[in-house]
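Below: one structure in structure tokens.
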Amino acid sequence: MVRSKPQVLKKQQRDASSKLDVLIVGAGLGGLGAAISILLAGHNVHILESAPEIGEIGAGIQCLPNASRILISWGLEEYLSQHATAPQLCNMIGWKGNKISDMNFHEYTKECGTPFWDFHRANLHMGLLERAVELGAKLTVNARVEDIEYETDAHSDSTTAIAVCTDGTRYKADLIVGADGINSKCREILLGHEDPPLLTGDLAYRLLLNTEDMMKDPELRGFIEDPQVNYWIGPDAHAVNYVLRGGKLFNMVLLVPDDMPAGANTLAGNVDEMRALYKDWDPRIGKLLALCQSVFKWRLMIRPGLDPTWSHESAAFTILGDAAHATLPYLASGAGMSLEDGHVLGLCLARLTSKSTAQKKAALDVYERCRRERTERIVSRGNRQQYLYHVHDGEVQQERDDQLRAFGKFNGK
Ligand code: FAD
């Protein structure tokens, strides 16, 4: 089925009797997306962010058509398409450099009605932030939420929640949305106990290369002149790369066994150690890594689900994004899931005709029913990809490659 491009959503008008004051904890991609969607539903939004300024770390992010569909419906097509690279092909390559298969993004884009987009995270983040502010979001930085309290007003049948920040400031709202990422305080508050994310056994080196250096090498120039997404898959590791900002930057992510000390989740990496891990791989990877001056490494962790429920019984507090269901990045879908969460939550809150607890409860119930199964499936599929990408050469690897060829359009020549 060929899908058409989505309509840009218009901001809903609503009067004070059903207009919620919503507090969002965290101005990451999920929090900002939720802000846009909830503002479009006609409610007020105030975002609390613990960092002293709003920003995203410098690396790439892939947006699949499900995510770009939402971004377009939020009125972001013009801004984002100026900053996006739209690759036409995704190549699966064996670790020695043999092409296994490819997926024709161009064909899928035609079918989906919306594009595959690759961004520098800062551009996607800025687009979301500007749109949220344009729609009326209020933003407070240096505001770290450490607790949430509740109040019930028996006369008006409504509940409110109060976010308490580390400096003692208190913010009252009809609904608090915890979008504070994988190490979520909101999740801990909701559950009433500590609940650290799970280790996956992998870490990611993330690096950005200046493409001027790559253009000097005929073998590397092709990566820039014909932008494609490339996955090299091999024993215990894989590597992904793609072009950003119209060919000005080259993004690489290297996924390898976790060797980080307990307690550290991000560390400066050693470039020589990173290169050594790929010394027997496709020589083009070695050439690319030779251009890298410094690197950081991130421990990869997951949150398979959130039981028993995503929302507090008061119906004044819920959660979304990595706080609820952080996944391995092996399907390039974590941020996409956070954007979908925000989109669905906004659509559910668009139906409110009053601020009553019963109506909020119903909206949050539908939100969770729409999101739980899909996000839990993505997390478990991410784990499955970890196994499939990292198998050693042998029967399972050959079967995997046969499946990839059957799925892709490449005929092996
Ligand atoms: P975050 O982005 O972590 O935002 C949380 C925000 O909350 C932060 O701004 C933080 O400062 C703030 N905060 C934290 N605690 C508090 C507090 N107590 N009070 C107030 N504020 C607080 N996804 C994709 O879709 N495509 C990809 O290609 C992709 N690649 C990835 C590659 C790697 C190596 C990794 C690690 C992830 C990748 N992801 C990708 C996943 C994606 O980055 C995340 O799923 C997404 O950023 C989660 O967004 P979030 O808003 O839920 O959390």
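The values are calculated or read from the model by the stated rules, or taken from the named source; none is laboratory data. What you are looking at is a predicted structure, and each value in this text was computed from that prediction instead of being measured. A quick note on method: Cβ atoms are made from the backbone with ideal geometry, for glycine too, and the neighbour counts reach across all protein chains shown.
Using the structure shown, decide if residue 225 is modelled with pLDDT under 95 and either of a type outside the set (D, E, K, R) or closer than 19 Å to residue 85 by Cβ (or both). Before you say what the answer is, go through the steps one by one.
Values: modelled with pLDDT under 95: yes; either of a type outside the set (D, E, K, R) or closer than 19 Å to residue 85 by Cβ (or both): yes.
When the stated conditions are applied, residue 225 passes them.
Next up: Which one is nearest to the ligand (Cβ to nearest atom) among residues in segment 293-329 that are among the aromatic types (Phe, Trp, Tyr) and in a strand (DSSP E or B)?
Of segment 293-329, the ones among the aromatic types (Phe, Trp, Tyr) are 296, 298, 310, 317.
Then drop every residue that is not in a strand (DSSP E or B), which leaves 296, 298, 317.
Details: 296: 10, 298: 5, 317: 14 Å.
Here the answer is 298.
Let me ask another. Being surrounded by 13 or more Cβ atoms within 10 Å (Cβ to Cβ) and not in a strand (DSSP E or B) narrows it down to one of 263, 246, so name that one.
Values: 263 fails: surrounded by 13 or more Cβ atoms within 10 Å (Cβ to Cβ).
After ruling out the rest, the residue left standing is 246.
Could you run through segment 85-104 and say how many residues are touching a residue at least 12 places away in the same chain (Cβ under 8 Å), out of contact with any Leu (no Cβ under 6 Å at 6 or more places or on another chain) and either in a loop (DSSP other than H, G, I, E, B) or hydrophobic (A, V, I, L, M, F, W, C) (or both)?
The number of residues fulfilling the criteria is 10.
With the requirement that a residue be part of a helix (DSSP H, G or I) and either among the hydrophobic types (A, V, I, L, M, F, W, C) or crowded, with 24+ Cβ neighbours inside 10 Å (or both), what does segment 344-358 give you? First the steps, then the outcome.
First pass over segment 344-358, keeping only residues part of a helix (DSSP H, G or I): 344-349, 357-358.
The answer is 344, 345, 346, 347, 348, 349, 358.
Got a sec? Which of 26, 75 is of a type in the set (Gly, Ala, Ser) and either surrounded by fewer than 24 Cβ atoms within 10 Å (Cβ to Cβ) or over 19 Å from the mean Cα position of the chain (by Cα) (or both)?
75
Restricting attention to strands (runs of 3 or more DSSP E) lying wholly within segment 1-84, give those where 1 or more residues are in contact with a Gly (Cβ under 7 Å, 6 or more places away or on another chain) and of a type in the set (Val, Ile, Thr).
Working: elements: 21-25, 44-48, 60-63.
Strands (runs of 3 or more DSSP E) meeting the threshold: 21-25, 44-48.
Regarding segment 270-292, can at least one residue be identified that is among the aliphatic types (A, V, I, L, M), in a loop (DSSP other than H, G, I, E, B) and at pLDDT below 95? Lay out the reasoning, then the answer.
Residues of segment 270-292 among the aliphatic types (A, V, I, L, M): 271, 274, 276-277, 285, 288-291.
Of the ones still in play, those that are also in a loop (DSSP other than H, G, I, E, B) are 291.
Filter once more, so that each one left must be at pLDDT below 95: none.
No, every residue in segment 270-292 fails to be among the aliphatic types (A, V, I, L, M), in a loop (DSSP other than H, G, I, E, B) and at pLDDT below 95.
Something else: Do the conditions hold for residue 144, that is, is it under 23 Å from the mean Cα position of the chain (by Cα), within 25 Å of residue 33 (Cα to Cα) and charged (D, E, K, R)? It would help to see each step written out before you state the result.
On the way: under 23 Å from the mean Cα position of the chain (by Cα): yes; within 25 Å of residue 33 (Cα to Cα): yes; charged (D, E, K, R): yes.
Criteria met by residue 144.
Another question, then. Output the residues belonging to segment 251-260 that are of a type outside the set (Asp, Glu) and surrounded by 14 or more Cβ atoms within 10 Å (Cβ to Cβ).
Step one: of segment 251-260, the residues of a type outside the set (Asp, Glu) are 251-257, 260.
Matches in segment 251-260: 251, 252, 253, 254, 255, 256, 260.
While we're here: Quick test for you: out of 125, 120, pick the one residue that is touching a residue at least 40 places away in the same chain (Cβ under 8 Å), within 12 Å of the ligand (Cβ to nearest atom) and in contact with a Lys or Arg (Cβ under 9 Å, 6 or more places away or on another chain).
Working: 125 fails: in contact with a Lys or Arg (Cβ under 9 Å, 6 or more places away or on another chain).
Every option except 120 fails the conditions.
I'd like to check something: does segment 296-314 contain any residue that is within 26 Å of residue 221 (Cα to Cα) and surrounded by fewer than 21 Cβ atoms within 10 Å (Cβ to Cβ)?
Here is the first cut: in segment 296-314, the ones within 26 Å of residue 221 (Cα to Cα) are 296.
Within this subset, residues satisfying the condition of being surrounded by fewer than 21 Cβ atoms within 10 Å (Cβ to Cβ) are 296.
So far as segment 296-314 goes, yes, one or more of its residues are within 26 Å of residue 221 (Cα to Cα) and surrounded by fewer than 21 Cβ atoms within 10 Å (Cβ to Cβ).
In addition: Just to be sure before I move on: is residue 136 in contact with a Leu (Cβ under 8 Å, 6 or more places away or on another chain), away from the ligand (no atom under 15 Å from the Cβ), more than 25 Å from residue 62 (Cα to Cα) and not polar (S, T, N, Q) in the structure I sent?
On the way: in contact with a Leu (Cβ under 8 Å, 6 or more places away or on another chain): yes; away from the ligand (no atom under 15 Å from the Cβ): yes; more than 25 Å from residue 62 (Cα to Cα): yes; not polar (S, T, N, Q): yes.
Against the criterion (in contact with a Leu (Cβ under 8 Å, 6 or more places away or on another chain), away from the ligand (no atom under 15 Å from the Cβ), more than 25 Å from residue 62 (Cα to Cα) and not polar (S, T, N, Q)), residue 136 qualifies.
For the structure I just gave you, tell me whether residue 189 is buried (at least 22 other Cβ atoms within 10 Å of the Cβ) and either assigned to a helix (DSSP H, G or I) or out of contact with any helix residue (DSSP H, G or I) (no Cβ under 6 Å at 6 or more places or on another chain) (or both).
Numbers: buried (at least 22 other Cβ atoms within 10 Å of the Cβ): yes; either assigned to a helix (DSSP H, G or I) or out of contact with any helix residue (DSSP H, G or I) (no Cβ under 6 Å at 6 or more places or on another chain) (or both): yes.
In short, yes.
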